[in-house]
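Engineer: Here you go, one structure.
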Amino acid sequence: MDHFLYKNGVLHAEDVAVPEIAAAVGTPFYVYSTATLTRHYQVFEDALKGMPHVICYAMKANSNMAVLRLMAGLGAGMDVVSGGEFRRAIAAGVPGEKIVFSGVGKTREEMRLALENGIRQFNVESEPEMRVLSEVAQSMGVRAPIAIRVNPDVDAKTHAKIATGRSENKFGIPISRAREVYAEAAALPGIDVVGIDVHIGSQLVDLEPYRAAFTLVAELTRALRSDGHDIRRLDLGGGLGIPYQQNSNQAPPLPFDYGEVIRSTVGDLGCEIEIEPGRLIAGNAGILVSSVIYRKNGEGRDFLILDAAMNDLIRPAMYDAWHDIVPVTEPAAGVVPAEIDIVGPVCESGDTFAKARPMPPVAEGEMVAFRSAGAYGAVMSSEYNSRPMIPEVLVSGDQFAVVRARPTYEEMIERDTVPEWITENRG
Ligand code: LLP
């Protein structure tokens with residue numbers, strides 16, 4: 001459920017008419033709903049009720065500072081994967097003891113930063129990383145709290161580029177070697193083993209892979225405890241999928257049922273549960289609004305050419321992802337959709353958002369909205385083709401605010417510097 005609905009024939013973000021925002025910031029732009037973000041955080045709180053837990057929002061999905069401040073205010077912890085994300089979490093007011101640090105390539109500098117800020121836990125992904133972390137912590141006179149990310153070799157049944165829990169993926173250590181690696185961890189002077197971490201992929205639309213992975217984690221918890229390790233936390237990662245297509249029978253599992261899978265697999269171990277949802281919190285809390293530049297009649301197919309492109313929303317080009325695309329002006333009842341290709345202006349055939357998509361008629365100059373664009377949208381954008389980053393707007397009830405402004409062309413150009421030897425040799 002989200003808060004992007006037609007009211008009086010016009011798409012609204014909560015109580016704000018989308019054209020009103022467009023008039024203020026120009027298209028294309030992202031708009032996020034405070035009510036939806038809040039609600040999605042709350043459904044996880046409800047799903048884990050009764051179990052000691054921390055919800056560490058995976059900010060890679062949407063790391064706008066306004067979104068992070070909102071999450072922090074709701075009591076969220078954060079899952080970060082870089083020094084930059086760590087700094088954002090701190091800037092958003094999240095205390096170190098609520099931040100977990102994931103990722104296969106943490107540098108010594110990132111480790112130091114996290115340790116200085118009293119990090120809750122590092123999710124360690126390899127033995128070399130663990131040894132370096134021990135060294136860094138020791139040099140600072142502290143011990144680094146860690147969970148080791150285990151790779152359970154289960155098929156998450158999601159897109160290959162976002163599956164992480166198979167043995168061929170670069171993530172974690174094989175669960176079959178876990179006891180051996182935990183034994184080494186316990187012997188390292190700068191390491192304090194606190195738990196186990198697992199994350200099997202993103203956009204999961206089936207709970208069974210979770211059940212399989214968490215069952216293995218429960219077995220491992222018992223085995224490690226019998227080896228003498230004090231396993232007191234389980235980080236179960238993120239990945240719960242969202243509905244990208246409203247009019248389809250695809251219905252991803254509900255957070256409540258996901259909570260039940262957690263309860264029934266690891267609920268009796270007395271561990272504190274950590275989860276790292278990203279997409280489910282932010283995905284359906286955002287839309288991307290764009291204007292139609294041209295309608296072009298091609299041979300055997302027609303094109304809707306938008307002012308948004310793959311640099312603004314790369315998911316269709318990168319993962320063949322589907323986003324519902326709807327006109328901002330509600331189509332009249334009984335209007336017959338016609339198939340059309342929806343593309344951006346970037347000079348690549350890959351800059352295609354949808355092929356043969358049934359669409360109600362939309363004229364040049366009219367606006368469309370990409371739904372479910374709040375996660376992995378703005379954060380993955382670039383300035384390819386020298387298209388400045390597009391603005392982000394947050395609504396709450398009947399108010400809206402620009403939470404990241406569109407840079408001017410001058411700002412974009414002046415970010416580069418030209419060395420003197422080029423300007424001097426001018427002629
Ligand atoms: N924890 C870890 C360790 C992760 O690697 C991820 C996502 C998450 C949590 C959050 O997963 P979520 O709840 O958002 O599914 N750009 C891709 C998705 C990449 C996901 C990477 N890792 C996309 O647009 O579909």
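The values are calculated or read from the model by the stated rules, or taken from the named source; none is laboratory data. Just so it is clear, the structure is predicted and the values come from calculations on it, not from any experiment. A quick note on method: Cβ atoms are made from the backbone with ideal geometry, for glycine too, and the neighbour counts reach across all protein chains shown.
Engineer: Could you check ALA66 against (1) within 14 Å of the ligand (Cβ to nearest atom); (2) in a helix (DSSP H, G or I) and say which number it fails?
Structural biologist: Only one criterion is unmet by ALA66, namely (1).
Engineer: Still on this structure: Can you find, within segment 283-323, the residue that is nearest to the chain's Cα centre (by Cα) among those that are away from the ligand (no atom under 16 Å from the Cβ) and among the polar types (S, T, N, Q)?
Structural biologist: SER290
Engineer: Scan segment 356-371 residue by residue and report those that are on the phi < 0 side of the Ramachandran plot and not in a loop (DSSP other than H, G, I, E, B).
Structural biologist: Listed by number, the residues that qualify are ARG357, PRO358, MET359, MET367, VAL368, ALA369, PHE370.
Engineer: Please give the number of the condition LYS161 fails out of (1) under 30 Å from ASP2 (Cβ atoms); (2) of a type outside the set (Asp, Glu); (3) surrounded by 14 or more Cβ atoms within 10 Å (Cβ to Cβ).
Structural biologist: (3)
Engineer: How many residues does segment 372-427 contain that are of a type in the set (Ser, Thr, Tyr), at positive phi and in a loop (DSSP other than H, G, I, E, B)?
Structural biologist: Number of matching residues: 2.
Engineer: Looking at (1) modelled with pLDDT of 95 or more; (2) more than 15 Å from the ligand (Cβ to nearest atom); (3) surrounded by 15 or more Cβ atoms within 10 Å (Cβ to Cβ), which is the one condition that is false for SER102?
Structural biologist: Going through (1) modelled with pLDDT of 95 or more; (2) more than 15 Å from the ligand (Cβ to nearest atom); (3) surrounded by 15 or more Cβ atoms within 10 Å (Cβ to Cβ) one by one, SER102 breaks only (2).
Engineer: Return the residue satisfying two criteria in turn: it lies in segment 146-155 and is more than 10 Å from the ligand (Cβ to nearest atom) and surrounded by 15 or more Cβ atoms within 10 Å (Cβ to Cβ), and of such residues it is nearest to ALA114 (Cα to Cα).
Structural biologist: Only one residue tops the list, namely ILE146.
Engineer: If you don't mind, there's one more thing I want to ask. Report yes if some residue within segment 399-408 is touching a Lys or Arg at 6+ places or on another chain (Cβ under 8 Å) and buried (at least 18 other Cβ atoms within 10 Å of the Cβ); otherwise report no.
Structural biologist: Checked against the condition, which is being touching a Lys or Arg at 6+ places or on another chain (Cβ under 8 Å) and buried (at least 18 other Cβ atoms within 10 Å of the Cβ), segment 399-408 yields no hits at all.
Engineer: For residues in segment 6-16 being under 26 Å from the mean Cα position of the chain (by Cα) and not in a loop (DSSP other than H, G, I, E, B), which is surrounded by the fewest Cβ atoms within 10 Å (Cβ to Cβ)?
Structural biologist: Checking each candidate, the answer is VAL16.
Engineer: Let me ask something else. Where residues in segment 168-195 are closer than 30 Å to ALA251 by Cα and free of Cβ contacts under 8 Å to residues at least 60 places away in the same chain, which of them is farthest from the ligand (Cβ to nearest atom)?
Structural biologist: Within segment 168-195, the match that is farthest from the ligand (Cβ to nearest atom) is GLU168.
Engineer: What are the residues in segment 355-391 that are surrounded by 20 or more Cβ atoms within 10 Å (Cβ to Cβ), within 15 Å of ASP307 (Cα to Cα) and either of a type in the set (Phe, Trp, Tyr) or in contact with a helix residue (DSSP H, G or I) (Cβ under 7 Å, 6 or more places away or on another chain) (or both), if any?
Structural biologist: MET367, ALA369, PHE370, PRO391
Engineer: List pairs: first in segment 225-252 and within 19 Å of GLY278 (Cα to Cα), second of a type in the set (Lys, Arg) and within 14 Å of the ligand (Cβ to nearest atom), Cβ under 7 Å, 6+ apart or cross-chain?
Structural biologist: Sorted first by the residue in segment 225-252, then by its partner, the pairs are ILE242/ARG279.
Engineer: Moving to a separate point now. Kindly evaluate PHE353 against the criterion of being in contact (Cβ under 8 Å) with a residue 24 or more places away in the chain, under 22 Å from THR158 (Cβ atoms) and assigned to a strand (DSSP E or B).
Structural biologist: yes
Engineer: Moving on to the next point. Are there any pairs, at least 6 apart or on different chains, whose C-beta atoms fall under 9 Å, with the first in segment 143-163 and within 18 Å of ALA213 (Cβ to Cβ) and the second surrounded by 23 or more Cβ atoms within 10 Å (Cβ to Cβ) and acidic (Asp, Glu), and if so, which?
Structural biologist: Listed pairs, sorted by first residue: ALA147/ASP197; ALA147/ASP235; ALA147/GLU274; ILE148/ASP197; ARG149/ASP197; ARG149/ASP235; VAL150/ASP197.
Engineer: Go through (1) part of a strand (DSSP E or B); (2) farther than 16 Å from VAL289 by Cβ and name the single condition ILE342 misses.
Structural biologist: Every listed condition holds for ILE342 apart from (2).
Engineer: Would it be correct to say that ARG357 is within 16 Å of the ligand (Cβ to nearest atom), of a type in the set (Lys, Arg) and out of contact with any Pro (no Cβ under 7 Å at 6 or more places or on another chain)?
Structural biologist: no
Engineer: Name the residues in segment 19-48 that are free of Cβ contacts under 8 Å to residues at least 40 places away in the same chain and either within 21 Å of GLU272 (Cβ to Cβ) or basic (Lys, Arg) (or both), would you?
Structural biologist: Across segment 19-48, the qualifying residues are ARG39, GLN42, GLU45.
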